[in-house]
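Take a look at the structure below.
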Amino acid sequence: MTIIVTGGAGFIGSNFIFYMMKAHPDYRLVCLDKLTYAGNLSTLKGVLDMPSFRFVRGDICDRDLVYSLFDEEHPDAVVNFAAESHVDRSILDPSLFLQTNIIGTSVLMDAARRAGNIRFHQISTDEVYGDLPLDRKDLFFTETTPLHTSSPYSSSKAAADLLALSYHRTYGLPVTISRCSNNYGPYHFPEKLIPLMIINALKGKSLPVYGQGINVRDWLYVEDHCRAVDLILHKGRIGEVYNVGGHNEMRNIDIVRIILRQLGKSEDLITFVEDRKGHDLRYAIDPQKISSELGWLPETKFEDGIRKTIKWYLDNESWWQEIIDGEYQDYYERMYSGRLEPR
Ligand code: NAD
Ligand code: TYD
């Protein structure tokens with residue numbers, strides 16, 4: 001089986017490539033990635049020379065390139081991780097999110113149709129459901145929860161989901177969609193909550209917690225997400241959406257405190273800063289469908305996953321140091337300067 005994995009030089013895509021190489025050593029994996037600020041070829045250095053792997057630098061919006069890649073590789077399936085993925089960046093400038101996340105997905109699906117309706121899996125997010133109130137612990141997102149997005153990022157992902165379902169109905173494209181909660185683990189780009197807090201704590205810098213830090217996310221170790229995608233790809237029902245999440249809801253401030261405690265750093269580093277615009281309050285997934293249909297359940301407990309993640313950042317300083325030495329500095333300045341004054 002040959003699978004085109006888009007966005008495989010990013011956080012979850014790279015973890016998926018490593019996972020699939022172990023789970024299916026006989027598969028050919030072709031990674032198509034534009035290497036935006038979030039993509040790192042160094043992440044893939046351990047697999048670049050493997051005969052069952054090919055890396056292609058390119059944009060999923062580039063129709064000619066995508067069509068010729070499909071002509072060359074004759075893939076059996078596509079798993080689309082490629083996306084602009086950071087909510088804060090989508091608030092600064094939505095346009096690239098619409099281009100990559102919506103147009104790019106449509107180009108890939110056109111290529112899949114043209115190649116004979118090959119299997120297409122769209123990696124989506126629980127953020128398409130909007131948010132849940134903080135005081136209703138009994139409410140969860142199911143696959144039938146209405147789409148109700150808050151940010152340009154989540155709106156672009158919801159648009160891609162609707163397009164994917166429409167390609168299934170209109171053209172018979174064998175599509176599945178997974179909507180996962182917040183992932184954490186190795187190779188997570190430093191702009192996101194968990195790596196940002198680990199790295200800032202290690203550097204003795206302020207830890208910028210938005211608002212009061214009471215927003216809740218449902219955290220899943222990245223390998224558990226990869227296993228869910230593998231299962232859906234092979235056994236999921238065509239035309240269906242599967243929520244992926246682990247009943248591991250935590251407030252941001254509690255995550256930050258755990259990280260500080262594990263690193264032996266002072267809570268004085270915490271700085272409450274101006275809140276994110278339109279900040280979603282709570283995400284919480286009901287994974288009943290994927291667990292009853294496909295037998296999927298999260299395997300990594302948060303206490304183990306966060307310990308492994310912190311250790312990974314301690315052991316792989318050169319990976320993140322190279323990133324934060326680059327254009328990340330401009331982003332950090334733009335995003336946080338003026339915001340970091342204690343309120
Ligand atoms: P990421 O930002 O770490 O990686 C994105 C990758 O896509 C990068 O390698 C980047 O170079 C590549 N890319 C971006 N635009 C491209 C384009 N036009 N053409 C080709 N490649 C392009 O993102 P991530 O956190 O790994 O997320 C991967 C997917 O999972 C996204 O679709 C995201 O919406 C979804 N998702 C993420 C989370 C999470 O917690 N990180 C949760 C649920 C769903
Ligand atoms: P993030 O990692 O950006 O993921 P998402 O917004 O997709 O859930 O943020 C996770 C939570 O952490 C979210 O509620 C925003 C909050 N947050 C902070 O408090 N400070 C920060 O510097 C960042 C990046 C996020």
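The values are calculated or read from the model by the stated rules, or taken from the named source; none is laboratory data. Note that the structure is a prediction, hence the values are computed from the model and not measured. So basically every Cβ, Gly included, is an ideal-geometry build from the backbone, and we count neighbours across all protein chains shown.
Some observations on this one:
- For region 32-71, a residue qualifies if it is among the aliphatic types (A, V, I, L, M), touching a residue at least 24 places away in the same chain (Cβ under 8 Å) and out of contact with any Gly (no Cβ under 6 Å at 6 or more places or on another chain), and the qualifying residues are LEU35, LEU41, LEU44, VAL47, MET50, VAL56, VAL66, LEU69.
- The criterion of at least 2 residues that are in contact with a strand residue (DSSP E or B) (Cβ under 9 Å, 6 or more places away or on another chain) and farther than 19 Å from GLY204 by Cα is met by the following helices (runs of 4 or more DSSP H) wholly inside region 250-343: 288-294, 302-315.
- Scanning region 248-290 for residues that are buried (at least 18 other Cβ atoms within 10 Å of the Cβ), within 30 Å of HIS234 (Cβ to Cβ) and charged (D, E, K, R) gives GLU249, LYS289.
- Filter result (farther than 27 Å from ILE290 by Cα, part of a loop (DSSP other than H, G, I, E, B) and within 15 Å of ligand 2 (Cβ to nearest atom)) within region 155-205: PHE189, PRO190, GLU191, LYS205
- LEU132, sole failed condition from (1) crowded, with 20+ Cβ neighbours inside 10 Å; (2) touching a helix residue (DSSP H, G or I) at 6+ places or on another chain (Cβ under 9 Å); (3) more than 27 Å from PHE16 (Cα to Cα): (2)
- Test: residue in region 186-195 that is of a type in the set (Ser, Thr, Tyr) and at negative phi: no
- Here ILE198 clears all of (1) within 14 Å of ligand 1 (Cβ to nearest atom); (2) surrounded by 24 or more Cβ atoms within 10 Å (Cβ to Cβ); (3) not polar (S, T, N, Q) except the condition numbered (1).
- Restricting ASP218, ASP304, ASP230, ASP286 to residues that are within 15 Å of ligand 2 (Cβ to nearest atom), on the phi < 0 side of the Ramachandran plot, acidic (Asp, Glu) and at pLDDT 95 or above narrows the list to ASP218.
The rows are residues; the columns are (1) away from ligand 2 (no atom under 16 Å from the Cβ); (2) within 30 Å of LEU281 (Cβ to Cβ).
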| position | (1), (2) |
| --- | --- |
| VAL47 | yes, no |
| ARG54 | yes, no |
| GLY104 | yes, yes |
| ALA112 | yes, no |
| ASN117 | yes, no |
| ILE123 | no, yes |
| PRO133 | no, yes |
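- Residue selected from region 72-98 under the condition without any contact (Cβ under 8 Å) to a residue 40 or more places away in the chain and not hydrophobic (A, V, I, L, M, F, W, C), by the criterion farthest from LEU196 (Cα to Cα): GLU72
- Count - residues of region 141-154 that are within 16 Å of ligand 1 (Cβ to nearest atom) and in a loop (DSSP other than H, G, I, E, B): 6
- Count - residues of region 108-126 that are within 16 Å of ligand 1 (Cβ to nearest atom), among the charged types (D, E, K, R) and surrounded by fewer than 24 Cβ atoms within 10 Å (Cβ to Cβ): 1
- In region 207-233, residue farthest from ligand 1 (Cβ to nearest atom) [restricted to those that are surrounded by fewer than 19 Cβ atoms within 10 Å (Cβ to Cβ) and part of a loop (DSSP other than H, G, I, E, B)]: GLN212
- Residue count, region 52-83 (criterion: assigned to a helix (DSSP H, G or I) and of a type in the set (A, V, I, L, M, F, W, C)): 4
- Among the residues listed as LEU193, LEU173, the single one being within 16 Å of ligand 1 (Cβ to nearest atom) and crowded, with 20+ Cβ neighbours inside 10 Å: LEU193
- Restricting SER14, SER52 to those that are buried (at least 24 other Cβ atoms within 10 Å of the Cβ) and either hydroxyl-bearing (Ser, Thr, Tyr) or touching a strand residue (DSSP E or B) at 6+ places or on another chain (Cβ under 7 Å) (or both) reduces the list to SER14.
- Checking VAL244 against (1) farther than 17 Å from SER292 by Cα; (2) in contact (Cβ under 8 Å) with a residue 12 or more places away in the chain; (3) in contact with a helix residue (DSSP H, G or I) (Cβ under 9 Å, 6 or more places away or on another chain), the condition it does not meet: (1)
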